[in-house]
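Engineer: Here you go, one structure.
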Amino acid sequence: MSAETIIQAVYEQVLKRNPSEPEFHQAVKEVLDSLGLVLERNPEYVSAGILERMVEPERQLIFRVPWQDDKGNFRVNRGFRVEFNSALGPYKGGIRFHPTVYLGIIKFLGFEQILKNSLTGLMMGGGKGGSDFDPKGKSKSEVMRFCQSFMTELCRHIGPDTDVPAGDIGVGGREVGFMFGQYKRIRNEFTGVLTGKGLEWGGSLVRTEATGYGLVYIVNEALKAAGKDLEGMTVSVSGAGNVAIYATEKVQQLGGKVVTLSDSNGFVHDPDGIKLDTVKQIKEVERKRIKEYVSIHKKARYTEGCSDIWSVPCDIALPCATQNELDEAAAKVLVKNGCKVVGEGANMPCTPEAADVFIKNDVIFLPGKAANAGGVAVSGLEMAQNSQRIPWTFEKADSELKNIMVSIYKNASEAAAEYDCAGNFVVGANIAGFVKVANAMLAQGLV
Ligand code: NDP
């Protein structure tokens with residue numbers, strides 16, 4: 001059977017076994033489409049059923065999360081943890097609280113996480129979790145009660161050597177704190193069971209900044225390879241959360257100008273460059289909407305709705321909000337306006353059609369698996385510090401992060417070239433991530 005036929009059969013089985021989960025299908029298809037030549041050159045992956053095993057999570061947990069709101073009403077949400085693959089280490093991946101969360105979203109994220117974690121070179125398997133709970137508009141007490149209830153069930157399934165969750169959309173330092181407190185209370189142990197913890201109680205310096213900084217480090221590496229740098233570049237960023245804020249900060253430190261940010265209601269365009277202190281005050285301290293920005297900076301403009309954000313001319317686009325936020329039409333507009341580099345800060349923010357437009361037009365396209373791996377990389381470093389019981393300095397953690405991002409760039413580039421796709425970082429990242437996991441699964445027997 002040809003590699004193409006095998007891949008098609010695996011994909012059809014995924015569709016059949018996981019109906020109505022389009023995001024999961026999309027994530028799997030993108031990876032499978034990169035692997036034809038890998039299977040031809042490594043028939044042992046085929047005979048050992050590596051693909052069939054890799055697309056099936058090792059364990060999927062779905063649970064009820066009952067909680068009480070401030071008015072005393074009983075509320076119920078659904079919790080998920082998908083422990084996808086532990087070939088390279090304990091399951092590792094964030095927890096997302098957002099009303100759009102359902103099993104298919106968690107599976108897509110968990111599947112991506114396997115290869116992303118592999119790319120970091122650290123000992124981490126892949127997993128992801130979350131809930132359809134919407135933290136927006138909830139009081140701090142409500143969020144705490146929800147997190148405690150969520151962890152009351154989750155704590156049976158995780159542990160520092162088993163499964164180590166972290167934050168994601170809707171889950172930041174505050175929520176990690178509430179969940180960690182509940183885990184400690186029930187299990188009576190203080191361990192590195194979650195990453196993204198507060199600095200005084202086991203967190204790592206640079207974890208907060210890591211995904212955004214790492215994204216810009218890898219973009220910078222790609223620019224360097226093209227004989228350029230960030231100095232004077234105009235950059236469009238979407239989102240206004242953890243990833244977007246720290247990507248903006250690093251772009252500014254390296255001499256670039258970020259002109260946009262957004263949230264799910266709309267986007268701001270500040271032609272003079274986004275003032276990050278204002279954004280941090282609005283989003284991190286006051287937890288308000290991004291449109292507040294224009295009441296402080298009068299030259300900036302706010303546009304309701306997010307789709308037009310990519311029509312703002314830029315040299316570099318960094319989608320940092322959510323999946324499928326940048327479609328084919330937006331990609332064409334970016335190319336027309338001269339955009340030369342796209343780095344995915346979010347997970348799968350570009351649709352497959354958008355990614356094709358970039359690749360066909362020689363835009364350097366850095367997929368999320370590689371480009372946003374800095375967050376989980378520093379989470380891995382947090383685990384190492386927790387095991388050692390010794391915190392590292394900011395400089396040490398930041399320099400490790402930089403080294404990891406540089407080596408991800410190098411490994412993805414080399415894998416792309418080795419498999420006849422030089423310059424295609426989607427294929428390169430998929431192959432470099434996959435081969436390590438596949439070899440570990442082969443070595444570990446029928447797992
Ligand atoms: P945050 O919750 O901190 O911020 C998310 C931002 O994206 C907010 O501005 C939010 O706006 C916006 N957003 C969320 N959903 C939508 C939507 N449906 N449409 C438009 N905008 C939306 O999350 P993070 O910054 O942590 O995560 C952003 C992305 O990066 C996600 O894809 C996540 O999986 C990925 N990622 C995050 C990592 C991390 O370390 N945090 C690591 C690797 C990847 P609003 O407030 O209106 O919801």
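The values are calculated or read from the model by the stated rules, or taken from the named source; none is laboratory data. In this text, all values refer to a predicted model and were calculated from it rather than measured experimentally. Positions of Cβ are backbone-derived with ideal geometry, glycine not excepted, and every protein chain shown enters the neighbour counts.
Engineer: With the requirement that a residue be closer than 14 Å to PHE180 by Cα and either touching a helix residue (DSSP H, G or I) at 6+ places or on another chain (Cβ under 8 Å) or modelled with pLDDT under 95 (or both), what does region 136-158 give you?
Structural biologist: Once the filter is applied, which keeps residues that are closer than 14 Å to PHE180 by Cα and either touching a helix residue (DSSP H, G or I) at 6+ places or on another chain (Cβ under 8 Å) or modelled with pLDDT under 95 (or both), region 136-158 yields VAL143, MET144, CYS147, GLN148, PHE150, MET151, THR152, LEU154, CYS155, ILE158.
Engineer: Looking at (1) surrounded by fewer than 21 Cβ atoms within 10 Å (Cβ to Cβ); (2) among the basic types (Lys, Arg); (3) touching a helix residue (DSSP H, G or I) at 6+ places or on another chain (Cβ under 7 Å), which is the only condition LYS369 fails?
Structural biologist: Failing condition for LYS369: (1).
Engineer: Kindly check whether there is at least one residue in region 37-49 that is within 16 Å of the ligand (Cβ to nearest atom), hydrophobic (A, V, I, L, M, F, W, C), in contact (Cβ under 8 Å) with a residue 24 or more places away in the chain and not assigned by TED's automatic domain parsing to the domain that holds PRO352. Quick ask: steps written out before the conclusion?
Structural biologist: Start the filter on region 37-49 by keeping residues that are within 16 Å of the ligand (Cβ to nearest atom), which leaves none.
No, region 37-49 has no match at all.
Engineer: For region 58-78, what are the residues that are outside any strand (DSSP E or B) and more than 30 Å from VAL447 (Cβ to Cβ)? Steps first, please.
Structural biologist: Of all residues in region 58-78, those outside any strand (DSSP E or B) come to 58, 69-73.
ASP69, ASP70, LYS71, GLY72, ASN73 - these are the residues of region 58-78 that are outside any strand (DSSP E or B) and more than 30 Å from VAL447 (Cβ to Cβ).
Engineer: If you take the residues of region 97-128 that are in contact (Cβ under 8 Å) with a residue 60 or more places away in the chain and touching a Leu at 6+ places or on another chain (Cβ under 7 Å), which of them is farthest from the ligand (Cβ to nearest atom)?
Structural biologist: MET123
Engineer: In this structure, is THR195 surrounded by 24 or more Cβ atoms within 10 Å (Cβ to Cβ), touching an Asp or Glu at 6+ places or on another chain (Cβ under 6 Å), of a type in the set (S, T, N, Q) and closer than 28 Å to ASP277 by Cβ?
Structural biologist: Considered against the rule, which asks whether it is surrounded by 24 or more Cβ atoms within 10 Å (Cβ to Cβ), touching an Asp or Glu at 6+ places or on another chain (Cβ under 6 Å), of a type in the set (S, T, N, Q) and closer than 28 Å to ASP277 by Cβ, THR195 comes out as yes.
Engineer: Assigned to a strand (DSSP E or B) and small (Gly, Ala, Ser) - does that describe any residue in region 106-125?
Structural biologist: No: zero hits.
Engineer: Further question on the same structure: How many residues are closer than 20 Å to GLU325 by Cα and crowded, with 16+ Cβ neighbours inside 10 Å if we restrict to region 265-282?
Structural biologist: Number of matching residues: 4.
Engineer: Also, quick follow-up: Please indicate, with yes or no, whether at least one residue in region 131-151 is within 15 Å of the ligand (Cβ to nearest atom), touching a Gly at 6+ places or on another chain (Cβ under 9 Å) and among the aliphatic types (A, V, I, L, M).
Structural biologist: Within region 131-151, not a single residue is within 15 Å of the ligand (Cβ to nearest atom), touching a Gly at 6+ places or on another chain (Cβ under 9 Å) and among the aliphatic types (A, V, I, L, M).
Engineer: Do we have any residue at all in region 162-175 that's of a type outside the set (Val, Ile, Thr), free of Cβ contacts under 8 Å to residues at least 60 places away in the same chain and in a helix (DSSP H, G or I)? Outline the logic, then answer.
Structural biologist: Residues of region 162-175 of a type outside the set (Val, Ile, Thr): 163, 165-168, 170, 172-175.
Next, from what is left, pick out any that are free of Cβ contacts under 8 Å to residues at least 60 places away in the same chain: 173-174.
Imposing the further condition that a residue be in a helix (DSSP H, G or I) reduces the set to 173-174.
Yes, because at least one residue in region 162-175 is of a type outside the set (Val, Ile, Thr), free of Cβ contacts under 8 Å to residues at least 60 places away in the same chain and in a helix (DSSP H, G or I).
Engineer: So, one more: Go through region 108-117 and give me each residue that's under 21 Å from LEU194 (Cβ atoms) and touching a Phe, Trp or Tyr at 6+ places or on another chain (Cβ under 8 Å).
Structural biologist: GLY110, GLN113, ILE114
Engineer: Name the pairs: first residue in region 201-213 and within 10 Å of the ligand (Cβ to nearest atom), second residue aliphatic (A, V, I, L, M), Cβ to Cβ under 6 Å, at least 6 apart or on different chains?
Structural biologist: ARG207/VAL378; ALA210/VAL378; ALA210/LEU401; THR211/VAL243; GLY212/VAL243; GLY212/ALA247
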